[in-house]
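Novice: Mind looking over this structure? Questions follow.
Where a number appears in this text, it was derived from the coordinates with a stated rule and is not lab data. Note that the structure is a prediction, hence the values are computed from the model and not measured.
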Amino acid sequence: MAKILIVDDEPVVLDVLRRLLEEDGRDIALATSPAEAIATANRGLLDVALVDKNLQGASGLDLSRALKSSSSPDTRRSRPPSKRCRSVRSIT
C-alpha cells in the first residue's frame, strides 16, 4: 500500500485530501509544517508527498527538494541510504 504524505498549512485542505485518499485505502500521513514533514519522512520511506507550494513562512519547493534529498539508511530493511520520498508533487 502506498504511503502518502500531505503537507499543507490549511486544515480544510488536509482534511479533504485525507478523506479522498483514505477512501481508496491509502496510508496517509499529514503535516502542517516543513519541520513536521521532514520528521515524518525520517521515520520511514514515503511513496508520494503532496506539498503545498505556498506554506506559511516557508517555500513548498524548498521542502520538496529536502524530501527528495538523501536521508540516513533505512535500518529496517538493511539497505543503503535512500531518498526520503520516491515522488514529490506540489499542490496549490
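Novice: For residue 62 and residue 2, calculate 0.36 nm times their separation in residues minus their Cα-Cα distance, and state this gained length in nm to one decimal. Show your work: numbers first, answer last.
Specialist: Working: separation 60, 0.36 × 60 = 21.60 nm, distance 2.34 nm.
Difference between extended and current length: 19.3 nm.
Novice: For residue 2, what residues show an amide H to amide H distance below 5 Å, using hydrogens built from the backbone and excluding near sequence neighbours?
Specialist: 27
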